[in-house]
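The values are calculated or read from the model by the stated rules, or taken from the named source; none is laboratory data. The structure presented is a predicted model; accordingly, all values stated were derived computationally and were not measured. In this analysis, Cβ positions are derived from the backbone assuming ideal geometry, glycine residues included, and neighbour counts consider all displayed protein chains.
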Amino acid sequence: MTIGRPLLYLASHSPRRRELLRQINVRFETLLLRSDRMRGSDVEEIPRAGEAPADYVSRVTLEKARVGAVRARERALAPGAVLAADTEVVIDGEALGKPRDAAAAAQMLMRLSGRSHEVLSAVALATSDTQIDIRLTRSVVGLKVLDPIELRRYVASGEPLDKAGAYAIQGLGALFVTRLEGSYSAVMGLPLYETAELLRNCGFELP
């Protein structure tokens, strides 16, 4: 397989992951999975009781890749690999997920204010629903102490509402980041070094 053919399917709704793949000149087609609270989701992104954040992120990513491979076959798509990913912000041993509303976003940001937290980002590549390879990355991000006015303005911008941990390092949230140890692209949503490694191992040609 080469990047000259549309044989990679991205099982994600994330515009950030699409942007990152284009950044490294990877051609792909988007394979949308159901992600609807009312009609149900193909992959339930809910931690199990006692499940460690790293185990949760890895499990969800593997399931997204597996279900993506199944859906591609069910839809009679051209044979190809399915790429899936998941990113979680972790503090005090808890994966925060995405805020359900503005109030939840403000609460998350207050927990992160003036502290360092961990960002776990996993990426998996499925060549079938049983052949899946996965990588997990860990990064550490520090945020400044947020004053109430800038916190309200940031939440009002709408940016935090679909972001893990309620901030976007590639957006206005960058104004709050005091340090980063690890992978910028992983914090953004897709660890590019690990993604490229998976793709090369599967026969894709990258720069």
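Table: residues versus (1) crowded, with 20+ Cβ neighbours inside 10 Å; (2) of a type in the set (D, E, K, R); (3) in contact (Cβ under 8 Å) with a residue 24 or more places away in the chain.
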site	(1), (2), (3)
107	no, no, no
112	yes, no, yes
125	yes, no, yes
140	no, no, yes
149	no, no, no
156	no, no, yes
162	no, yes, yes
167	yes, no, yes
173	yes, no, no
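Go through the residues of the stretch 49-71 one by one and say whether even a single one is touching a helix residue (DSSP H, G or I) at 6+ places or on another chain (Cβ under 9 Å) and closer than 16 Å to residue 10 by Cβ.
No: the stretch 49-71 contains no residue that is touching a helix residue (DSSP H, G or I) at 6+ places or on another chain (Cβ under 9 Å) and closer than 16 Å to residue 10 by Cβ.
Going by what's in this entry, would residue 165 be described as in a helix (DSSP H, G or I), at pLDDT 95 or above and closer than 12 Å to residue 119 by Cα?
Yes.
Would you point out which residue out of 103, 49 is hydrophobic (A, V, I, L, M, F, W, C), without any contact (Cβ under 8 Å) to a residue 24 or more places away in the chain and closer than 30 Å to residue 147 by Cβ?
Sole residue among the options that is hydrophobic (A, V, I, L, M, F, W, C), without any contact (Cβ under 8 Å) to a residue 24 or more places away in the chain and closer than 30 Å to residue 147 by Cβ: 103.
Considering 95, 102, which residue is closer than 27 Å to residue 160 by Cβ and buried (at least 21 other Cβ atoms within 10 Å of the Cβ)?
95
Tell me yes or no: at least one residue of the stretch 182-193 is modelled with pLDDT under 95, of a type in the set (Gly, Ala, Ser) and over 24 Å from residue 45 (Cα atoms).
The answer is no; no qualifying residue exists.
Suppose the filter is in a loop (DSSP other than H, G, I, E, B) and at pLDDT below 95; does residue 206 pass it?
Here the answer is yes, as residue 206 does meet what is asked.
Look at residue 120 and say whether it is aliphatic (A, V, I, L, M), outside any strand (DSSP E or B), touching a Pro at 6+ places or on another chain (Cβ under 9 Å) and surrounded by 15 or more Cβ atoms within 10 Å (Cβ to Cβ).
So residue 120 fails the test.
Looking at (1) at pLDDT 95 or above; (2) touching a Leu at 6+ places or on another chain (Cβ under 6 Å), find the lone condition where residue 110 falls short.
So residue 110 meets the others, but not (2).
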